[in-house]
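Take a look at the structure below.
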Amino acid sequence: MALMSLMRDARGRAFGTHPTSRTRARGSEGLHGRIDIDDAEIRFDLDTGPLVAVKRVSLTILSGEFVCFLGPSGCGKSTLLNAVAGFLRPTVGRLLLDGKPIERPGPDRGMVFQQHSLFPWKSVLRNVMFGPLMAGHSALEAESTARTLLDMVGLTAFAHAYPATLSGGMQQRVGIARALANYPTVLLMDEPFGALDAQTRSMMQESLLELWHEFKITVLFVTHDIDEAVFLSDRVLVMSAAPGEIIADLRVDLQRPRTPDLLVSSEFNQLKRSCMELIRRESLVAFEQQSRRLAGRA
Ligand SMILES: Nc1ncnc2c1ncn2[C@@H]1O[C@H](COP(=O)(O)OP(=O)(O)OP(=O)(O)O)[C@@H](O)[C@H]1O
Ligand SMILES: [Mg+2]
């Protein structure tokens, strides 16, 4: 594996250069990280009967796109993300990564969860080295990659610390470094900043956009935060109340790089309002569904 070279940006932060980043153009066809979801339905067989978690979703996410999923609780966002990760298979339809059916998890997809899923008994460095080692790289290569990624997320000084001694934001940064350590073409993020305070969250969003820009990677990002979705993405996909379908595919043509002053612009607020109306309507449906279910049990 080619080792990443380092370059310094104007603010003096270190960035590793992904081996393919100089040759890949965002949103281009024929490159890596394209996802096709083709009429996919995901059902769970429960004791009470089948539960349709995701209903007939068809969509294409282009290589290098940043796409956010918004939708009421229980509408199937995590289920859809888990299917792209390869943790579960659709009952009907298919999911493709670069034209090939997704059948299992693979190093071409990195995942970051809401709560960190780091190994508590391993140091930060060893956590990030884990993926490259599993993929068959030597300890020297794995350590070099891990150190570069820790530098990118600003945690070089904590390489030998253990996860429990880090703040929530730092743990999530290690999680992102770990998810990127196998140079995936797709990064799947399930409410990764949901447990963070507003300031840390805002800084994490900007850091994530810098990493995304550097890696030219496809990102699927689940959130409940409308501001976050609009701030980060090229497209916001809104899901209906359960069973989840995509009910809106909103293009976000706000200028990049995105900076917090965008949050007060009229274009931003217009998009935010469109999302809020859709989410409010679907959340009311979800709320009624839950009330009916509770009444049925009483
Ligand atoms: N492994 C599973 N077995 C059975 N049912 C499941 C399983 N995983 C999810 N479900 C059900 O599928 C539906 C969708 O769940 P999912 O976790 O995808 O929702 P979500 O949109 O991510 O919700 P939230 O915003 O609360 O995280 C829910 O009714 C949930 O109970
Ligand atoms: Mg979820």
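Just so it is clear, none of the values below were taken in a lab; they were calculated from the coordinates. Everything numeric here is computed off the predicted structure, so don't read it as measured data. We place every Cβ from the backbone using ideal geometry, glycine too, and count neighbours over all the protein chains shown.
Brief remarks follow.
- Nitroxide proxy distance, nm - points 7 Å out along Cα→Cβ at residue 121 and residue 247: 4.7
- Positive minus negative residues near residue 222 (Lys, Arg vs Asp, Glu; Cβ under 12 Å): -3
- Ellipticity at 222 nm from helices only: DSSP H runs of n ≥ 4 in the chain, each -39500 (n - 2.57), divided by the residue count, give -11500 deg cm²/dmol.
- Cβ-based net charge around residue 178, under 12 Å, with every Lys or Arg adding one and every Asp or Glu removing one: +3
- Inter-site label distance for residue 138 and residue 277 at 7 Å from Cα along Cβ, in nm: 6.1
- Residue among 187, 149, 209 with the largest mean-square fluctuation in a Gaussian network model of the chain, springs linking Cα atoms under 10 Å: 209
- With bins 5 Å wide beginning at 0, the percent of Cα pairs of the stretch 59-206 falling in each bin runs 2, 9, 17, 21, 19, 15, 10, 5, 1, 0.
- Residue order, fewest to most beta carbons within 10 Å, for 254, 271: 254, 271
- Shown here for the stretch 72-175: GluC sites (Glu not before Pro) in loop regions (DSSP other than H, G, I, E, B) with at most 13 other Cβ atoms within 10 Å, namely 103.
- Kyte-Doolittle mean at least -1.0 and Cα axial length at least 20 Å: DSSP H helices in the chain: 198-215, 266-297
- Anchor residue 100: lysines whose Cα lies under 29 Å away (excluding residues fewer than 8 positions away in-chain): 55, 77, 216
- Relative contact order %, the stretch 162-298, counting alpha carbon pairs below 8 Å whose residues are six or more apart: 18
- Computed FRET value (nearest 0.05) for residue 289 with residue 94, which takes r as the C-beta separation and R₀ as 30 Å: 0.60
- Cβ-based exposure ranking for 258, 109, 94, in which fewest neighbours within 10 Å come first: 94, 258, 109
- Sum of side-chain charges, residue 145 neighbourhood, beta-carbon under 14 Å (Lys, Arg +1; Asp, Glu -1): 0
- The antiparallel fraction among DSSP beta bridges confined to the chain stands at about 55%.
- Nonlocal amide H pairs with residue 65, under 5 Å, H built at 1.01 Å: 27, 219
- Label-reachable residues, the stretch 212-237, where backbone N falls under 18 Å from a point 7 Å from residue 255's Cα toward its Cβ: 231-234
- Anisotropy class of the stretch 79-145 from Cα gyration tensor, a/c 1.5 cut: oblate
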